[in-house]
Structures are given as structure tokens and as C-alpha cells.
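K.L.:
Quick one: structure below, then a few questions.
The values are calculated or read from the model by the stated rules, or taken from the named source; none is laboratory data. Everything numeric in this text was worked out from a predicted model, so none of it was measured. When we count neighbours, we look across all protein chains shown, and the Cβ atoms used for this are built from the backbone with ideal geometry, even at glycine.
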Amino acid sequence: MLLNQFSIPGTQRTLTNHNSDDKSSSDRAVSSRISRQGSFMSIIRSMSYMSTDGEMDGAESDTSQVNQTQLIQSINEQSSKDTPFPSQASLPYTIAENPHFQAVLSMAQIAPSLAHVKLPSDSTIPIDILRVYRSYEDRIRKLFVDIPSFLYTVDAWTSEWRVPFLGITAHWIDESWKQNSIVLGLELLEGSHTGVNMAAAFIYVLEHWNLQEKPFFLTADNASNMKTMATELELELGSNVFDSKENRIPFIAHIINLAA
């Protein structure tokens, strides 16, 4: 973790005044050490004293530089220990209330050794997820056979690693008038968020689920690329499947947000 904490537990500053006759050293030199008192700001002040209150020569200057480097390293190590796990892993603080996360911790507490709670590797996890997905895929396709039409909600977004995706969710009402929703895809977009690119990704998902011939309505935000996407869908699928003027439903919350 970088040196950007406002308060680091366990820091204390000790100032040592030198004789003013000693012209080869700074008027004030600072000796800093990590303890269980003090604050981050005192460390910053200590470092500023070293850099502004005169220049040190020779071995003393080298020693000062080494001390500053060691100090920063100590702060980084200490802050890594003090920072909660969610912050270090870029996870929301609500992860602590997640029942699945709590179940993992409960298993770890009662396990006879760490070997019994060893987590799968980063290559095993996606394989397991894909295996579960495949087990549901055929069942969902069969479910869609008897549904005459759908409403789709779509949105494009970019991850923190600058990877663009298009999220697609299908909605329908069954014979008992119950509303149902299911995520159809989170497709990687090739290139930028243009309407043509999003339309191509959307059609790919429909074809994957054999839904390209079923009429549908579409709800998205009111950006110009979404309008272009709707026009492109009508051209590719036909107006009997999707009419860009009649079947596109603007997102009222987005309108209100823009107006506000």
C-alpha cells in the first residue's frame, strides 16, 4: 500500500537539537521510529525537516537518505497490516455481511489445519464457474422455447481495468403472471461503445440462446449510441422482430437524472 494514509497507528517522532557551532550538520536532525503512538503527519513533518533545514554532507547525508527510505518502507508495511482486507482487495465493506464469505470463515475456524481450507487457484475457479454455467445452459434454452416475446434491458460499461462490456438481461411474464428475469450475457465489446458494436454483441447473445426470431422490446439509457444500436437491430433482425421506434422504451430514470 502506498504512502497515502492520513493516520498510521504506531508512529512517534523524537527531535534532537544539535549544537549551533556544528556548521557541517543540519540545525535540526530528526530520528523517527515506529511505535504505538503518534500520527502520520508527524512523520511527514519529520521528513520535511530533513529536506529543508539545511543540507547534510558525506556519510551523514547518505545515512539520512537510508533512514528516510527505511521509514517509508516501515510505514508501508505497517499500513498494509492495519488496512482492512476489503480495502486491500478492492472489495465493498459489505463483503463482511455476505453469508457465503461468512461460511468460508466459519469453515476455516473449525478446520483442523490450513490445508483443509485451501482455496482453489485462479485457473480452477473459472473452470468451475463454466462447468456450473454449462449445467444450466440447456435447461434455460428449453425454458425459452414456450415464451413468445421478451423485454430486454441493456447497458454498456467499462471495468476498472478498462475492459468494455455489454450487459443483457431478459424479462418476461409467465402463465401465472409472475415476472421473471435472467441475465443472458455480459459480453466483451470489441472496440468502443458504438451502436454498431453493441448491436453486434446483442445479436450474438440472441443467437446463442436461439432468440433471434422472437419479438422483443428494448429498454436502455438515452445516449446516442443506444439509438444507433436500436436502428441497427431493426436492420439486422427485421421490424417484425424489433421496431426501433415502437419497441424501444426509453429509461425514465435516466431522463429524470439528466433533468435534475
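K.L.:
Could you tell me how many of the residues in the stretch 107-132 are assigned to a loop (DSSP other than H, G, I, E, B) and hydrophobic (A, V, I, L, M, F, W, C)? Even if it seems obvious, please write down each step before you answer.
P.N.:
Here is the first cut: in the stretch 107-132, the ones assigned to a loop (DSSP other than H, G, I, E, B) are 111-113, 118-123.
The next check asks that each one be hydrophobic (A, V, I, L, M, F, W, C); those that pass are 111, 119.
Counting residues in the stretch 107-132 that are assigned to a loop (DSSP other than H, G, I, E, B) and hydrophobic (A, V, I, L, M, F, W, C) gives 2.
K.L.:
Aliphatic (A, V, I, L, M) and touching a residue at least 60 places away in the same chain (Cβ under 8 Å) - does that describe any residue in the stretch 152-166?
P.N.:
Scanning the stretch 152-166 turns up at least one residue that is aliphatic (A, V, I, L, M) and touching a residue at least 60 places away in the same chain (Cβ under 8 Å).
K.L.:
Give me a count of the residues in the stretch 163-184 that are assigned to a strand (DSSP E or B) and closer than 19 Å to Pro215 by Cβ.
P.N.:
Here is the first cut: in the stretch 163-184, the residues assigned to a strand (DSSP E or B) are 164-173, 179-184.
Filter again for closer than 19 Å to Pro215 by Cβ, leaving 168-173, 179-182, 184.
The qualifying residues number 11.
K.L.:
Working carefully through the options Lys142, Lys227, find the one that is of a type in the set (D, E, K, R) and surrounded by fewer than 13 Cβ atoms within 10 Å (Cβ to Cβ).
P.N.:
After ruling out the rest, the residue left standing is Lys142.
K.L.:
Can I ask one more? Mind checking which residues of the stretch 155-176 are among the β-branched types (Val, Ile, Thr), modelled with pLDDT of 90 or more and over 16 Å from Glu207 (Cα atoms)?
P.N.:
Within the stretch 155-176, Ile173 is the sole residue that qualifies.
K.L.:
Another one. When you scan the stretch 190-210, do you find a residue that is surrounded by fewer than 17 Cβ atoms within 10 Å (Cβ to Cβ), within 30 Å of Ser90 (Cβ to Cβ) and among the hydrophobic types (A, V, I, L, M, F, W, C), even just one?
P.N.:
No.
K.L.:
Going residue by residue through the stretch 144-162, is there one that turns out to be part of a helix (DSSP H, G or I) and under 20 Å from Leu211 (Cα atoms)? First the steps, then the outcome.
P.N.:
Looking only at the stretch 144-162, we keep the residues that are part of a helix (DSSP H, G or I), and these are 144.
Applying the additional criterion that residues be under 20 Å from Leu211 (Cα atoms) yields 144.
Looking for residues that are part of a helix (DSSP H, G or I) and under 20 Å from Leu211 (Cα atoms), one finds at least one in the stretch 144-162, hence yes.
K.L.:
Quick test for you: out of Leu184, Leu130, pick the one residue that is within 16 Å of Val205 (Cβ to Cβ) and under 22 Å from the mean Cα position of the chain (by Cα).
P.N.:
Leu184
K.L.:
Then there's this: Show the residue pairs meeting these rules: Cβ distance below 6 Å; 6+ apart or different chains; first residue within the stretch 188-203 and free of Cβ contacts under 8 Å to residues at least 60 places away in the same chain and within 15 Å of Asp155 (Cβ to Cβ); second residue assigned to a helix (DSSP H, G or I) and hydroxyl-bearing (Ser, Thr, Tyr).
P.N.:
Matching pairs, first to second residue: Gly195/Thr228.
K.L.:
Based on what the data block shows, is Gln179 touching a helix residue (DSSP H, G or I) at 6+ places or on another chain (Cβ under 7 Å), under 30 Å from Arg134 (Cβ atoms) and modelled with pLDDT of 90 or more?
P.N.:
So Gln179 does not fit the description; no.
K.L.:
Right, another one. How many residues, within the stretch 220-237, are closer than 17 Å to His193 by Cβ and out of contact with any helix residue (DSSP H, G or I) (no Cβ under 6 Å at 6 or more places or on another chain)?
P.N.:
6
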